[in-house]
Amino acid sequence: MAEFLIRKLEHFTSLSSEDKHALDQAARQRTRRIRSRDDIVHEGDVPQGVNLIVDGWACRYKTLEDGRRQIIAYLLPGDLCDHNVSVLREMDHSIGTVTAVTLAEIPAETMRQLTSGPARLSQALCWESMVAAAIQREWTVNIGQRTAFERLGHLLCELYVRLRTVGLVQGNTCELPLTQAEIADTIGLSVVHVNRTLQELRSVGLISLRGRELTIHRLDALQRAVQFNPNYLHLGREGRHLDSNEA
């Protein structure tokens with residue numbers, strides 16, 4: 001159940017079999033299957049534990065009183081939804097599914113045990129939380145400073161690299177189950193502008209889209225064109241000094 005989380009954490013440090021077993025057992029305590037475009041958590045709900053995305057795509061979002069929505073994060077397989085959320089009285093945003101999602105619900109006490117246990121695993125989980133915060137900072141820059149072409153290209157680069165990190169890329173192709181309306185709600189553009197920008201990315205030979213699949217033909221070229229630097233994802237095994245002796 002924790003396969004994708006383990007793959008992601010091992011971009012920080014090599015985990016021991018005991019670490020992996022602890023994560024897998026935590027993820028097996030309770031699971032739920034939720035249909036696509038449905039809510040997992042509503043703004044105002046009392047947090048009940050930590051959700052791990054086992055399979056499928058979800059998103060965090062905020063909705064204004066007049067119905068306008070801003071997507072503020074995408075949650076992919078292996079992503080945890082806030083380690084320390086149980087310290088809050090209520091949720092300040094909603095989490096909804098993009099596709100059908102399998103969730104592992106990890107009780108707050110189990111999460112506390114994992115994050116206060118052996119240094120290697122607790123530091124790896126801290127790294128995961130810090131990367132989530134770094135992604136949020138990058139999204140702020142994306143909306144505040146980048147052009148439409150750069151915003152959309154940057155988002156596609158990030159999703160591709162994050163999926164590749166957990167082994168969910170085939171060649172230069174990955175799943176992209178987002179509608180143009182969802183992309184618009186993510187990068188602060190109209191649907192018409194998103195459509196036009198996608199056509200521009202296609203026309204210069206950087207990407208192609210077929211159904212729910214994204215193919216990036218020239219990743220290096222796309223990264224240069226949209227000023228994508230993956231350093232904020234911290235994938236350089238910064239915790240290698242903590243590597244398990246089993247590695």
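Values in this text are rule-based calculations from the coordinates and carry no lab data. Keep in mind the model is a prediction, meaning the values are calculated, not measured. Here the Cβ is made from the backbone with ideal geometry for all residues, glycine too, and neighbour counts use every protein chain on show.
Quick look at the values:
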read-out	value
Relative contact order %, segment 147-226, counting alpha carbon pairs below 8 Å whose residues are six or more apart	39 percent
The chain, Cα convex hull volume normalised per residue, Å³	124 Å³
Within the chain, helix-based [θ] at 222 nm, where runs of 4 or more DSSP H residues each add -39,500 (n - 2.57), nearest 500	-12500 deg cm²/dmol
Virtual spin-label span in nm between Arg164 and Thr215, 7 Å along Cα→Cβ	1.7 nm
Segment 147-226: equivalent-ellipsoid semi-axes (sqrt of 5 x gyration tensor eigenvalues, Cα, Å)	19, 14, 12
Spin-label pair Gln48/Glu18, simplified geometry with 7 Å Cα→Cβ offset, distance in nm	3.3 nm
Among His42, Met1, Leu198 the positive-end extreme of the charge dipole of the chain (Cβ point charges)	Leu198
Convex hull volume per residue for segment 151-197, taking Cα atoms only, in Å³	71 Å³
Relative contact order %, the chain, counting alpha carbon pairs below 8 Å whose residues are six or more apart	25 percent
Where a label projected 7 Å from the Cα of Leu88 along Cα→Cβ would reach, residues of segment 16-48 with amide N under 13 Å	41-48
Approximate spin-label separation Glu109-Asp66, in nm, with each point projected 7 Å along Cα-to-Cβ	4.8 nm
Distance between segment 170-218 and segment 65-91 - C-alpha centres, whole angstrom	24 Å
Point-charge dipole on Cβ atoms (K/R +1, D/E -1) for segment 2-137, about Cα centre, debye to 20	200 debye
Kirkwood hydrodynamic radius (C-alpha pairs) into Stokes-Einstein, segment 31-145, 4 °C and 1.567 mPa s, D in µm²/s	87 µm²/s
Rounded tilt (10° steps) of 119-145 against the dominant C-alpha axis of the chain	20 degrees
Segment 3-145, relative contact order in percent, only Cα pairs under 8 angstrom and at least six apart counted	32 percent
Extension gain from Thr147 to Glu246, taking 0.36 nm per residue of separation minus the Cα-Cα distance	31.0 nm
